[in-house]
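Remarks on the structure that follows.
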Amino acid sequence: MTNKLAIIGGSGLYDIEEFKDREFLNIKTPWGNPSDKILKTNYREKEVYFLPRHGKGHYISPSKINFRANIDSLKQLGVTDIVSISAVGSLKEDLQPGKFVIIDQFIDRTFARNKTFFDDEIVAHVSMAHPTSNGLMNACEEAIKKEEIEYQRGGTYVVMEGPQFSTLAESNLYRSWKADVIGMTNMPEAKLAREAEIRYASVSMVTDYDCWHPDHENVDVQQVIKVLLGNASKAKSMIKNLIENFEKYIDSKDPTNNCLDVAIITSPEKRTKKTIDKLKTVAGRVLNK
């Protein structure tokens, strides 16, 4: 099987201009259109894809991102591995602006989003105990180290609905949970990637201290953008390293690889052709047996 990497870029990362071999793909899915056209490029003889989560120009609010279309479109292209690059607020003193965090856990506090491909006729329950790929996290760590970026391996990301930032009470609550960072976009993205059997990793770029910190009581978009610009430059260098190294870290025993084998609970006679066709990209491997 050919392994293909896709990067989903968050706030501040809308393109990777350094990739000169550029083809933009307009992919259609049963769930609607993805956030933007998908950049297909070849770097060091490897086929890579890039999708800006908020669209170029940042016009899609976190709650309005069509996460299902994003994941389905990447799966159509044969993507096996996704690395999410996201801007986040820090919930800990030692995670200062500019630092990267390789996420290994999430707390999903979103409530206004479509969180599954299996919401009509066919029901599936995938495990999310370990939502990110250990192999991909290893690849991210090597790529970050190569650029000498300050980072933390492992961390819990609280995903809030947004688009407003937290109240002080909320921020202090999340800190009491020992969470590391807070953002608005990695859920349901990580859940849908798991349902589509795509290995997933998340690199969070800290832009601010959220409102719990006395020096950051009012999180300001302009202040965030200033840090974002520096982070985006570092992220692009990290991505190039990642493209070169990710395949050597692929784990044949990763729980994502065949998770649908034990996830679908609906009896075969209850599965209509219409729904099977709708799910052909994400679950055709098991539904068409």
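The values are calculated or read from the model by the stated rules, or taken from the named source; none is laboratory data. Only a predicted model underlies this, so the values are computations on that prediction, with no experimental measurement involved. In this analysis, Cβ positions are derived from the backbone assuming ideal geometry, glycine residues included, and neighbour counts consider all displayed protein chains.
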* Asked: Does Arg271 qualify as being under 27 Å from Gly89 (Cα atoms), touching a strand residue (DSSP E or B) at 6+ places or on another chain (Cβ under 9 Å), touching a residue at least 24 places away in the same chain (Cβ under 8 Å) and not small (Gly, Ala, Ser)?
  -> no
* Asked: Identify, please: which residue in region 157-198 is more than 14 Å from the chain's Cα centre (by Cα), assigned to a helix (DSSP H, G or I) and among the aliphatic types (A, V, I, L, M) and is, among those, surrounded by the fewest Cβ atoms within 10 Å (Cβ to Cβ)?
  -> Ala169
* **The one condition in (1) buried (at least 24 other Cβ atoms within 10 Å of the Cβ); (2) at pLDDT below 95; (3) of a type outside the set (Lys, Arg) that Ser204 fails to fulfil** => (2)
* To do: For Glu93, work out the one condition from (1) part of a strand (DSSP E or B); (2) within 19 Å of Asp210 (Cβ to Cβ) it doesn't fulfil.
  => (1)
* Asked: Between residues in region 61-83 that are in contact (Cβ under 8 Å) with a residue 60 or more places away in the chain and closer than 23 Å to Leu136 by Cα and residues that are surrounded by 24 or more Cβ atoms within 10 Å (Cβ to Cβ) and among the acidic types (Asp, Glu), which pairs lie under 9 Å by C-beta distance while being six or more apart or on different chains?
  -> Phe67/Glu189; Asn70/Glu189; Ile71/Glu189; Ile71/Glu195; Ile82/Glu189
* Structure fact -> The number of residues in region 199-216 that are touching a strand residue (DSSP E or B) at 6+ places or on another chain (Cβ under 8 Å), under 23 Å from Leu173 (Cβ atoms) and outside any loop (DSSP other than H, G, I, E, B) is 6
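Tell me which residues, restricted to region 127-154, are part of a loop (DSSP other than H, G, I, E, B) and crowded, with 21+ Cβ neighbours inside 10 Å. Step through it out loud before you land on a result.
Initially, region 127-154 is screened for residues part of a loop (DSSP other than H, G, I, E, B), giving 127-133, 147-150, 154.
Correct list: Pro131, Thr132, Ser133.
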* If we scan region 9-21, do we find a residue that is surrounded by fewer than 20 Cβ atoms within 10 Å (Cβ to Cβ), within 17 Å of the chain's Cα centre (by Cα) and among the acidic types (Asp, Glu)? -> yes
* Asked: Which of the residues that make up region 199-213 are among the aliphatic types (A, V, I, L, M) and within 14 Å of the chain's Cα centre (by Cα)?
  -> Ala201, Val203, Met205
